[in-house]
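Below you'll find the structure, written out as structure tokens, and then a few comments.
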């Protein structure tokens, strides 16, 4: 085992070997549509405001924009299209995989298996495809979940809590006495992914933040934050009255509020420094 | 024919030797990790490489060390003399469990550590890889400020797309180690 292999093993990343690609592709195609939760969740943050902008921030009022966030849920393939797609992928997978080594016998064997795999794929498409009626029901469930959660107000409260916990910034209850207004606008809540047969969809939430001077509504600072969360199929997101969706909304609110406050009030970008670059010893000292 | 083979083999060995003897230059954002150190294997025709090595630690309660803030290099480029005004420097430390090459589960968080070393308690899980990051916390004109979470800037770790230049939290470019 080389040093590289050991590093990759510990990283959970395996070195690329051409033949090792075949079987994951095959199994990936066989289980296409069978989504499993994806672990990484993270917040993408913009650069912090410059110190001269921060110097203008006085007693603060937090507001939210009147327009509600847009919800967008990627629509999976319908039943008819899923049957065709499943049959097509199932039919061509065996010859494509078995002939990929350049073996003519593999191609012949693959073509023999094609009708069986194609039928299996079509049956899978028929079972897993989503009808228009089901999509409307799922969409309505998720929309209702989002509206009843009152996510925008809860985000406003969470940001206010984070400011109290993480900073010494002073507050005012209304914009009347405020020197600065922090305006939060949830722009999108998306469940996004490829248009496939019952594909895994990733939760993405986008929030715009503006720092305003209430006297003339001039913008001191404007930026956007994205939360990228878990991944489930649309059916899984909507199960049990949108339980997973509701939990993810809560996680997104918490992660976004902390990151918004850290970036806007605390983060300090150091100037580019030669100290950031070093020549490492090679071979490394153990 | 034999001469051609010998020449080719010689070229190959020479090329490999050149590559392996060249020490890697690594750039980070934020504070440098002193211990466990950053270890990077340059590309090598025989064993591959071009990747970061996860230092293997024996103790499940390792002591992590990092460079102090501000660094002399920071002060040298600080033309506005902003860093000369900072007071009450401390450090925030985070450790995440590695899941599929990403810092997925936050397992350790401490804020306002006074020194540049910290022994990890309670013990971490053995046979597990971790990401870690450090940042400085300080006071500037009576306001709390923090530096960016330290992370590898270049060469980019395996699996990070070249287009990823945004600041994310957490980030797969954080420092790494594993417990034996």
#### Entry: Residue ranges of strands (runs of 3 or more DSSP E) in segment B:89-171 with at least 2 members within 11 Å of another protein chain (Cβ to nearest Cβ)
B:102-113, B:128-140, B:143-146, B:151-154, B:167-169
#### Entry: Hits in segment B:33-43 (condition: in contact (Cβ under 8 Å) with a residue 40 or more places away in the chain and within 7 Å of another protein chain (Cβ to nearest Cβ))
B:38, B:40
### Query
For segment B:109-121, which residues satisfy the criterion of being free of Cβ contacts under 8 Å to residues at least 24 places away in the same chain and more than 18 Å from residue B:168 (Cα to Cα)?
B:110, B:113
### Query
Here are some conditions: (1) modelled with pLDDT under 85; (2) closer than 28 Å to residue A:57 by Cβ. Residue B:158 meets all but one. Which one does it not meet?
(2)
### Query
Among the residues of segment B:71-87, is there at least one that is buried (at least 16 other Cβ atoms within 10 Å of the Cβ), out of contact with any helix residue (DSSP H, G or I) (no Cβ under 8 Å at 6 or more places or on another chain), away from chain A (no Cβ under 11 Å) and not in a loop (DSSP other than H, G, I, E, B)?
no
### Query
Does residue A:228 satisfy the condition of being within 14 Å of chain B (Cβ to nearest Cβ) and part of a strand (DSSP E or B)?
yes
### Query
Scanning for something farther than 17 Å from residue A:45 by Cβ and crowded, with 16+ Cβ neighbours inside 10 Å, does segment A:259-272 turn up at least one residue?
no
### Task
Examine segment A:265-274 for a residue that is over 30 Å from residue A:129 (Cβ atoms), over 22 Å from the mean Cα position of the chain (by Cα), more than 8 Å from chain B (Cβ to nearest Cβ) and not in a helix (DSSP H, G or I), and state whether such a residue exists.
no
#### Entry: Filter result for residue A:200 (assigned by TED's automatic domain parsing to the domain that holds residue A:61 and touching a helix residue (DSSP H, G or I) at 6+ places or on another chain (Cβ under 6 Å))
no
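The values are calculated or read from the model by the stated rules, or taken from the named source; none is laboratory data. None of the values given here were measured: they were computed from a predicted structure. Glycine gets a Cβ as well: all are built from the backbone with ideal geometry, and neighbour counts include every protein chain shown.
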